[in-house]
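Trainee: Would you mind keeping the following structure in view while I ask a few things?
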């Protein structure tokens, strides 16, 4: 995803002189082309994230459209108050991009995990939040965020993730896309959980369960219209994210469903739990520790459907 | 005193009295830190900044980021007196539903460049603006007024490392070094000194100035050298609550507001009619 991000950055830079990248000492060689072509449009602001965000706000107030970039925990939690005040309170057109989100850097340990970033970012007034599913969607998402002219947070993975889309998809804030249309259970996936969600759908289909798969890259705003439609047309809706169950994408979905007085009992949520991981492992290992493995999710969905059917008999 | 010094001295005394009135009617604190930076602001707005009160959003204007937002009443009063907005608007300071909060919000008044109040943000934002000037080939300069307690924020030193690296000599930070913070002497709470040397060792051109000497302030705030790549740090030695005998250097005035009798007494001290 990060290579696609750098490619799209270069494309935007060629088209719009307002773009400036502020990297907090990450992206070794990633921005070489940008630096060569536009030396005054890239700044390594050092291992100093608070200042990175404040500078971005000052540039944005002076007509630029900065993109702030480093590893997710450091460009969100570390400089949270600068984002809250200098970017959001002032409604500055700053795009904040966190790389290695969720459990992408699983083996680096919990200091580099970010399973709380959706929660803390989406509560900020006026900010838009997105989690693209693959490298191609990163491009569309970055372009939309840049053009929006408002505070945006984008969580992306690292590199080498599976590519799901055949071409750069359409991305619009507040709009989700249906990848598969079924009728029994609807999987609402955000970010990099789309690929496992498709695998889950395959297994469920083999068991004669009809599955819809929706890519929910826009977390704030939600696609409320589609959410309501999916909730009304399926027996169950599962939210799937590489993020804490508390305050994340699933949390946002449930908040909205409850506020609309819709049937929240249809919803089952998948995400990380209320503990840090202490043992070493790659992303798949970490997902399994949190019950986010493909088989783990599939089994829970099957038993959830069964319980719902038993109850409505 | 020269005629010019007389004029600015008079303005500063009037601003100080206005601050007491505002604190009295709005029942707000932070009077000490507001009074300590009055002379800095008078020098900036009457002699240093290239600004037009009738055109506060001029893209070529000099910017002043008032980073010690808790003392914003001083900036409000100065901006009003300088003609950015009517002085009668100051009556709505901290009024419910009003536009002039006790700590500034974005665009709360013409001339207020940034919403501050959480310390340690203004310098980074000022760097962004100074960098933008450089990139756009603009001649405007950026001033950032900070408090001494504010220099305890780590983000200040992140900024302090960035500006010299990029040769931002269109940037000037002024520390209102009044030696107090909310609950005590700033130099007793943290190892503040030597503050000037801290900035110079970070690559700034550091200048110490007596922060209530209007002529010294004028000389320092208008001192720019395009041939020197260093950003400028002005350490202004001030007295918290300066100008009112029963307020100055008494840190209780970080929290309390003056009574009607105290306002009247101050008026006499300030030799105002």
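Since every read-out is calculated from the coordinates, none of them should be taken as a lab result. Bear in mind that the values here come from a model prediction, so they are computed numbers and not experimental data. A quick note on method: Cβ atoms are made from the backbone with ideal geometry, for glycine too, and the neighbour counts reach across all protein chains shown.
Trainee: For residue B:4, put the label point 7 Å out on the Cα→Cβ axis and report which residues of region B:49-78 keep their amide N under 17 Å from it.
Mentor: Under cut-off, by backbone N: B:49-51.
Trainee: Which part of region A:270-313 falls in the paramagnetic zone of residue A:120, meaning amide N under 17 Å from the point 7 Å along Cα-to-beta-carbon?
Mentor: Within reach of a label on residue A:120: A:272-277.
Trainee: Within 10 Å of each Cβ of B:128-139, how many other protein chain Cβ atoms are there on average?
Mentor: Mean shielding count: 5.
Trainee: Given R₀ = 41 Å, FRET efficiency for residue A:224-residue A:299 by Cβ-Cβ distance, to 0.05?
Mentor: Efficiency, from the Cβ-Cβ distance: 0.85.
Trainee: Report, to the nearest 10°, how far helix B:260-269 tilts away from the longest principal axis of the Cα atoms in chain B, using its own Cα long axis and a range of 0 to 90°.
Mentor: 70 degrees
Trainee: At a Förster distance of 22 Å, what's the computed FRET efficiency of residue A:3 paired with residue A:280, Cβ-Cβ distance as r, to 0.05?
Mentor: It comes out at approximately 0.25.
Trainee: Here is a further query. Rounded, prolate or oblate for region A:2-155? Axes are the square roots of the Cα gyration tensor eigenvalues, ordered a ≥ b ≥ c, and the cut-off for rounded is a/c under 1.5.
Mentor: rounded
Trainee: If you rank A:301, B:174 by fewest surrounding Cβ atoms within 10 Å, what's the result?
Mentor: Listing A:301, B:174 from fewest to most nearby Cβ atoms yields A:301, B:174.
Trainee: Could you please rank B:148, B:227, placing first whichever residue has the fewest other Cβ atoms within 10 Å of its Cβ?
Mentor: In order of increasing Cβ crowding within 10 Å: B:227, B:148.
Trainee: Helix B:154-165 versus the longest principal axis of chain B: what is the Cα-based angle in degrees, 0 to 90, to the nearest 10?
Mentor: 40 degrees
Trainee: A follow-up question, please. Can you tell me the 0 to 90 degree angle between the C-alpha axis of helix A:249-259 and the longest principal axis of chain A, rounded to 10?
Mentor: 60 degrees
Trainee: If you average the alpha carbon positions of region A:40-57 and of region A:278-313, how far apart do those two centres end up, in angstrom?
Mentor: Comparing the Cα centres of region A:40-57 and region A:278-313, I get a distance of 40 Å.
Trainee: For the pair residue B:210 and residue A:206, how long in nm is the line joining their label points, each one 7 Å along Cα→Cβ?
Mentor: 8.7 nm
Trainee: Based on the alpha-carbon gyration tensor of region B:128-273 and its eigenvalue square roots a ≥ b ≥ c, which shape applies: rounded if a/c is under 1.5, prolate if not and a/b is larger than b/c, or oblate?
Mentor: Here region B:128-273 falls in the prolate category.
Trainee: Could you calculate the FRET efficiency of residue B:265 with residue A:37 from 1/(1 + (r/R0)^6), where r is the beta carbon distance between them and R0 is 51 Å, rounded to 0.05?
Mentor: Taking R0 as 51 Å, the efficiency between residue B:265 and residue A:37 is 0.15.
Trainee: Can you give the helix-only mean residue ellipticity at 222 nm for chain B, where every DSSP H stretch with n ≥ 4 adds -39500 (n - 2.57) and the sum goes over all residues, rounded to the nearest 500 deg cm²/dmol?
Mentor: Value at 222 nm, helices only, nearest 500: -11000 deg cm²/dmol.
Trainee: Averaging sequence separations of C-alpha pairs under 8 Å and six or more residues apart, then dividing by the length of chain A, give the relative contact order as a whole percent.
Mentor: For chain A, the relative contact order is 16 percent.
Trainee: Quick check on region B:1-135: take the gyration tensor over C-alpha atoms, sort the square-rooted eigenvalues as a ≥ b ≥ c, and tell me if it's rounded (a/c under 1.5), prolate or oblate.
Mentor: The shape class here is oblate.
Trainee: Same structure again: Between residue A:112 and residue A:178, how many nm apart are label points set 7 Å from Cα along the C-beta direction?
Mentor: If labels sit at residue A:112 and residue A:178, their model points lie 4.0 nm apart.
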